[in-house]
Every structure is written in C-alpha cells, then in structure tokens.
Amino acid sequence: MKREEIVKFLGNEYPLDEWEGIILFDDIEDAFVGVAERIGMGPVATYDYDKCIEIYIRDGMDYEEAVEHFNFNTIGLWAGDKTPIFVRLAEDE
C-alpha cells in the first residue's frame with residue numbers, strides 16, 4: 001500500500017485530530033497492515049514484522065543485516081505515543 005492510500009484509509013476511518021501525527025515509515029509502506037488501538041492510546045500505524053524483514057532483503061540486505069537494521073532502526077525507534085507497532089501474523093497451517 002502506498003503512502004497516499006494509507007493516508008486515504010486513515011482519513012476515511014478516523015477524524016483528522018485522531019490520526020494527525022501518526023508516524024508512517026516510507027521505506028516499509030508495503031508492510032502496512034492497518035491501525036491498532038487500545039484504551040488510553042490513540043490509533044497507531046501497524047506493520048507486519050515479517051514483511052518488513054522481507055522488504056529490507058528485497059532492497060539488498062542479507063537476512064542478518066535486515067534483522068539488525070530492523071531491530072535497531074525500525075522497531076527500536078521510540079518517537080512517542082504515535083510510534084508504530086509491529087505484529088507477527090499467525091499463519092494458517
């Protein structure tokens with residue numbers, strides 16, 4: 001999903017004041033799966049953990065580099081209450 005599509009989705013689902021300031025990562029936008037919420041927390045962007053690794057590999061990193069980059073620069077980033085979350089999706093057997 002491209003950034004414009006993500007912003008359109010957010011605009012259709014939430015009033016601007018609820019999603020304004022949400023943090024979106026340009027380099028892993030194809031791993032965007034939606035928005036997560038919980039009590040006391042506004043909506044935050046949600047990304048597929050495994051898809052993020054796949055994107056970094058696609059972009060030229062080997063697996064170990066991709067995991068290290070992801071752990072340090074992506075999932076390791078704290079940017080306040082709007083920091084995205086990353087989910088590991090259950091697979092059908």
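The values are calculated or read from the model by the stated rules, or taken from the named source; none is laboratory data. If you're wondering where the values come from, they're calculated on a predicted model, not measured in any experiment. Note: ideal-geometry Cβ built from the backbone for every residue, glycine included; neighbour counts use all protein chains shown. Please note that ligands, DNA and RNA were not included when accessible areas were found on the heavy atoms of the full protein model with its side chains. Shrake-Rupley method; radii C 1.70, N 1.55, O 1.52, S 1.80 Å.
Here each label is just a point 7 Å from Cα along the line to Cβ, and for Val7 and Leu77 those points are 1.7 nm apart. In the chain, helical runs assigned H by DSSP with n ≥ 4 each contribute -39500 (n - 2.57); averaged across all residues and rounded to the nearest 500, the mean residue ellipticity at 222 nm is -9000 deg cm²/dmol. If a spin label sat at a point 7 angstrom from the Cα of Leu89 along the line to its beta carbon, the backbone N atoms of region 1-23 nearer than 14 Å would be those of 1. Per-residue SASA remark: Leu77, around 70 Å² accessible (1.4 Å probe; ligands, DNA and RNA not included). Within the assembled protein chains, the solvent-accessible surface assigned to Glu18 is about 80 Å², based on a 1.4 Å probe.
Dipole magnitude for the chain: about 340 debye, using +1 per Lys or Arg Cβ and -1 per Asp or Glu Cβ, origin at the Cα centre.
Modelled spin labels at Val67 and Ile23, positioned 7 Å past Cα toward Cβ, are 2.3 nm from each other.
Of all beta bridges that DSSP places with both ends in the chain, some 60 percent have antiparallel geometry. Shown for the chain: the carbon plus sulfur share of the solvent-accessible area, taken with all protein chains present and a 1.4 angstrom probe, equals 50%. Amide H to amide H distances under 5 Å link Val33 with Thr46, Tyr47, Asp48, where only residues 5 or more positions off or on other chains count and H is placed in the peptide plane. Exposure check, 1.4 Å probe, all protein chains in place: Thr83 carries approximately 20 Å² of accessible surface. The magnitude of the dipole of region 3-43, with charges of +1 and -1 set on the Cβ of Lys/Arg and Asp/Glu and taken from the Cα centre, is near 160 debye. Note that the chain presents 67 Å² accessible area per residue, ligands and nucleic acids not counted, probe 1.4 Å.
For Rg/Rh (Cα atoms, Kirkwood Rh), which listed value, [x] 0.98; [y] 1.02; [z] 0.92, comes from the coordinates shown? Given [x] 0.98; [y] 1.02; [z] 0.92, the structure-derived one carries the label [x].
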